[in-house]
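Here's the structure we're looking at; comments come further down.
The values are calculated or read from the model by the stated rules, or taken from the named source; none is laboratory data. These numbers come from a predicted model, not from an experiment. All Cβ positions, glycine included, derive from the backbone under ideal geometry; neighbour counts span all protein chains shown. The protein model used for the area step is the full one, side chains on, heavy atoms only, and it has no ligands, DNA or RNA in it. Shrake-Rupley method; radii C 1.70, N 1.55, O 1.52, S 1.80 Å.
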Amino acid sequence: MLKYKLIVVGWCMVASYGSYAQDTLTVEEAIAIAVDKNYDLKIARNNVRVAEVEASLLNRGYLPRITAGGNVNYANEDQDVAFSDGTATSIDGAETEMYNASVTAEYTLFDGMERKFTNERQSKNLHLNEWQERQQIENAIISLYETYYNIAFQQQVAQNLLVNIENSRDRLLRSQKRLKYGQGTTLDKLNAQVDLNNDSISYATAVRDLNNLKRNLNLLLGRNVRETFLVDTTVAFLPLLSEDEIVSSVQGNNIQLVLARQNILLSDLDIKINRARMMPKLTGSGSYQWNESQNPPTSFFLSSETQGFNLGLNVSWNIFDGGATRTRVEAAKITKNNREIELFRTQEQVKTEVYNAYEIYTNAWYTLEAEANNVRTNNLNFTRTQRQYSLGQVTTVEFRQAQINQLNALNNYARAKYDLKIAEVDLLQLGGKLLE
């Protein structure tokens, strides 16, 4: 029995010491790591870079198009030629050589404002990707808070269980002494042994769950999943948030509404772009060309060389393309209408989420205060029960019940503390204030 007690207590002490030897990771440090290394955020940043490239000067269509070209042709032919004066000649292996090179510049002078609207769309699309990156950051922070505080809760559960094990061990020692001096029973000792064993199993399970949660957080942070650390179990709350302030902040700052409005702007520009394609297009061009040819005797001239500039204007008008452009315009209008409906639905949905979240938030404040009172009451009850147990005035069943009540109160308070913090950050996200 002594060997068993030493193993259990020693293992718990080693486990506790091992945890305290680890570095403490604060929630602020975790957020900083996630923003830098989270995989989803890396992808979101790359999407913004793609949108920046698409919105750059080189993709706006306002720069000229310059092309250069050249070719060489050679021919070796047998020719029989009859001239208009009645003479004729025949040449075997008549050679013809032709060379030319050119540089051409083209510029669209007018395209029905298509370029202007396309550039506006690319700019709006860049903003959309930036807002989507913000949404990814917010979602990553919310996931991080939830995972971090689940770890904090589980860490406190493990610490509370260590205290519980110490109390169970003390109870076992007392029951052994009582039995030795004829003041206790074997049943009391056996019950104490069973309870100590169960507490040790609960602790091992809590440590297992804690390590699993830590690996999940490491994955979210984009680092080695086997990285060991402790989390800070203290929580700082903001002053009580105002429901009216959150509701007024939603319209202009809620990320879901911002994205919905941005999509409507993109649909409006899609309509303008497709309408612009119905307008005439004016293109100017200029080129420098050089041509040279060496001809056989049968040709009108034996050689020639030309070089110089050419300028031109070209007008084209897509008068009717089988209705394809009009179809795209009508489809873009319908898409815009759908997005307006989505905006209205999102407004109502977010409004509902805010009211629900605020009720959860206020209830979490009440629960935290109630659980704090429960902790004080159960700590006092356990201290008194422990004193009475040492005097033989309460049974082992009553002692165990007081012990379990204290453990549950501590765990419930820890859960309430972290639930309130999660409710707080959820409310801040809905109001668009999370990144502030």
Scan segment 55-71 and give yes if some residue there is within 30 Å of residue 294 (Cβ to Cβ), surrounded by 13 or more Cβ atoms within 10 Å (Cβ to Cβ) and of a type outside the set (Val, Ile, Thr), otherwise no.
no
When you scan segment 353-380, how many residues do you find that are more than 17 Å from residue 407 (Cβ to Cβ), open to solvent by less than 70 Å² (accessible area, probe 1.4 Å) and not polar (S, T, N, Q)?
9
Condition broken by residue 428, with the remaining ones in (1) part of a helix (DSSP H, G or I); (2) buried (at least 19 other Cβ atoms within 10 Å of the Cβ); (3) out of contact with any Leu (no Cβ under 6 Å at 6 or more places or on another chain) satisfied
(3)
Can you tell me how many residues within segment 297-351 are under 30 Å from residue 426 (Cβ atoms) and among the aromatic types (Phe, Trp, Tyr)?
1
Segment 305-318 residues that are modelled with pLDDT of 90 or more, paired with ones that are among the basic types (Lys, Arg) and open to solvent by 70 Å² or more (accessible area, probe 1.4 Å) (beta carbon under 7 Å, 6 or more apart):
316/281
Please tell me if residue 161 is closer than 24 Å to residue 44 by Cβ, open to solvent by less than 30 Å² (accessible area, probe 1.4 Å) and among the hydrophobic types (A, V, I, L, M, F, W, C).
no
Counting only residues in segment 226-240 that are open to solvent by less than 20 Å² (accessible area, probe 1.4 Å) and not aromatic (Phe, Trp, Tyr), the one nearest to residue 353 (Cα to Cα) is identified as 231
Please specify each residue of segment 372-420 satisfying the condition of being without any contact (Cβ under 8 Å) to a residue 12 or more places away in the chain and not in a helix (DSSP H, G or I).
391, 393, 394, 395
If the requirement is being within 38 Å of the chain's Cα centre (by Cα) and more than 23 Å from residue 256 (Cβ to Cβ), which of these qualifies: 435, 391, 427, 420?
420
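The rows are residues; the columns are (1) in contact with a strand residue (DSSP E or B) (Cβ under 9 Å, 6 or more places away or on another chain); (2) among the acidic types (Asp, Glu); (3) over 27 Å from residue 42 (Cβ atoms); (4) open to solvent by 60 Å² or more (accessible area, probe 1.4 Å).
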{"residue": "116", "(1), (2), (3), (4)": "no, no, yes, yes"}
{"residue": "131", "(1), (2), (3), (4)": "no, no, no, yes"}
{"residue": "165", "(1), (2), (3), (4)": "no, no, yes, no"}
{"residue": "176", "(1), (2), (3), (4)": "no, no, yes, no"}
{"residue": "198", "(1), (2), (3), (4)": "no, no, yes, yes"}
{"residue": "205", "(1), (2), (3), (4)": "no, no, yes, no"}
Of the residues 342, 359, 369, which is farther than 28 Å from residue 257 by Cα and either assigned to a helix (DSSP H, G or I) or of a type in the set (Phe, Trp, Tyr) (or both)?
369
Do any residues in segment 207-227 that are at positive phi have Cβ atoms under 7 Å from those of residues that are among the hydroxyl-bearing types (Ser, Thr, Tyr) and assigned to a helix (DSSP H, G or I), where the two are at least six apart or on different chains, and which pairs are they?
222/39
For segment 81-113, how many residues are part of a loop (DSSP other than H, G, I, E, B) and open to solvent by less than 80 Å² (accessible area, probe 1.4 Å)?
4
May I ask you to verify whether residue 190 is over 30 Å from the mean Cα position of the chain (by Cα) and open to solvent by 40 Å² or more (accessible area, probe 1.4 Å)?
yes
Please verify whether residue 433 is basic (Lys, Arg), closer than 30 Å to residue 248 by Cα, assigned to a helix (DSSP H, G or I) and touching a residue at least 40 places away in the same chain (Cβ under 8 Å), treating the condition exactly as stated.
no
How many residues of segment 288-326 are open to solvent by less than 100 Å² (accessible area, probe 1.4 Å) and under 60 Å from the mean Cα position of the chain (by Cα)? The answer is 15
Quick check on segment 241-257. Is at least one of its residues among the β-branched types (Val, Ile, Thr) and surrounded by fewer than 13 Cβ atoms within 10 Å (Cβ to Cβ)?
no
Name the pairs: first residue in segment 353-365 and among the hydroxyl-bearing types (Ser, Thr, Tyr), second residue assigned to a helix (DSSP H, G or I) and open to solvent by less than 30 Å² (accessible area, probe 1.4 Å), Cβ to Cβ under 7 Å, at least 6 apart or on different chains?
358/246; 358/427; 361/423; 361/424; 361/427
Give the residues of segment 146-158 that are of a type outside the set (S, T, N, Q) and open to solvent by 30 Å² or more (accessible area, probe 1.4 Å), sorted by residue number.
146, 153
Is there a residue being of a type in the set (Ser, Thr, Tyr) and free of Cβ contacts under 8 Å to residues at least 60 places away in the same chain anywhere in segment 188-200?
no
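Residues are listed down the side, and each one gets a yes or a no for (1) assigned to a helix (DSSP H, G or I); (2) of a type in the set (Asp, Glu):
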| residue | (1), (2) |
| --- | --- |
| 187 | yes, no |
| 212 | yes, no |
| 220 | yes, no |
| 227 | no, yes |
| 259 | yes, no |
| 268 | yes, yes |
Check 339, 376, 387 and return the single one that is more than 30 Å from residue 112 (Cβ to Cβ) and either in contact with a Phe, Trp or Tyr (Cβ under 8 Å, 6 or more places away or on another chain) or at pLDDT 95 or above (or both).
376
